[in-house]
1. Once all Cα-Cα distances of segment 123-181 are split into 10 Å bins that start at 0, what whole-number percent is in each one?
2. So what's Rg/Rh here for segment 187-287, counting alpha carbon atoms and using the Kirkwood radius for Rh?
3. So between residue 42 and residue 148, what do we pick up on full extension, going 0.36 nm a residue minus the alpha carbon distance?
4. Which whole-Hz ³J(HN,Hα) couplings does segment 165-182 yield from phi under the Karplus relation 6.51 cos²θ - 1.76 cosθ + 1.60, θ = phi - 60°, glycine and proline marked x?
5. Skipping prolines and chain starts, which residues have an amide H placed within reach, meaning under 5 Å, of the one on residue 242, given they are 5 or more residues away or on another chain?
6. Students often get this wrong: which residues of segment 168-183 have the backbone nitrogen under 19 Å from the point 7 angstrom along Cα-to-C-beta of residue 113?
7. For residue 6 and residue 167, calculate 0.36 nm times their separation in residues minus their Cα-Cα distance, and state this gained length in nm to one decimal.
8. For residue 217 and residue 19, calculate 0.36 nm times their separation in residues minus their Cα-Cα distance, and state this gained length in nm to one decimal.
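Derivation of every value follows stated rules applied to the coordinates shown; laboratory data play no part. Note that the structure is predicted; figures quoted are calculated from it, not measured. When we count neighbours, we look across all protein chains shown, and the Cβ atoms used for this are built from the backbone with ideal geometry, even at glycine.
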Amino acid sequence: MFPGRTLLDWLSTNGLLIALTVLGAVIIARFASWVGNRITRNIDEKYQESDDLVRSEASKHRHSVAQVVRWVVITFIYIVATLKVFDYLQLPIGSLVAPATVLGAALGFGAQRIVQDILAGFFIITERQYGFGDTVQISVTGSAQDAVGTIENVTLRVTRLRNSAGEVIIVPNGQINKAINLSKDWARAVIDVPVPVTADISEVNEILHDVGVAAYKDSKLRELLLDEPSVMGVESLEVDQVSIRVVARTLPGKQFQVGRALRARIAAALRRKGITVTPQLDTVSVVDRSEVDA
């Protein structure tokens, strides 16, 4: 009867405290997660994903920081709750130091990559290299092909992005060699226009200049352009064609849309003047000034 009475007393005291601690930790963690989701949702509501709007740098950074803070707070809550449970179970924490040290040393060799990922993620977020909604090109260790897409989530350990085909790419932060941010502050659409060598270069330059002026006056393109597109002149000479470069500064991430619109206008303008454009009319892949080593 005495052991049963002792168990009943323990359940009514320490057992109840343990149950309340675990329940309280779960409730507080759920609340912290709800607050974090609410903050990120409010940030997302201020950004309407369309062709005419671009997420601001501040909101992208706040979105990433909110997600990381939520993760850190929830982890801290569960660690404190675990220590309290150990205390209620009257387990001496000091006696666990030695086994924990041995276990930590054993796991340390396997956790080196995790620590590397977390440190890299910390610097990615604090240095604002990229954030939620950015279009990036990431060079990954051991991969011959870069990962290109739009950032959907940045945590201390991984970066998740979605490419143009809708595929989700998850990259550990510690394996990122180089990150090219295609939507940092501003971008540049660079268009090389190949024309026959028999064409009058001065006339072509004038046509391209008129196309840039007309594009800047267009109300829809004006919202995406930071200044009037300019003609840089002859970029390259080949046996049968001359390449003339046109550049335009755009809002971050809008260089591709502006490039498509300008290519269509350039092709139509040259065709009206009887100048045939070769099929290689395209936008140069190097389109942004922001390139950072992760």
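1. 25, 64, 11
2. Working: Rg = 12.7 Å, Rh = 13.4 Å.
Radius of gyration over Kirkwood radius for segment 187-287 works out to 0.95.
3. On the way: separation 106, 0.36 × 106 = 38.16 nm, distance 2.70 nm.
Value of the extension gain: 35.5 nm.
4. 7, x, 7, 8, 10, 10, 10, x, 4, x, 9, 8, 7, 8, 10, 9, 8, 8
5. Excluding prolines and chain starts, which carry no amide H, the hits are 195, 197.
6. 169-178
7. Once the chain is fully extended between residue 6 and residue 167, it gains 52.1 nm.
8. 64.5 nm
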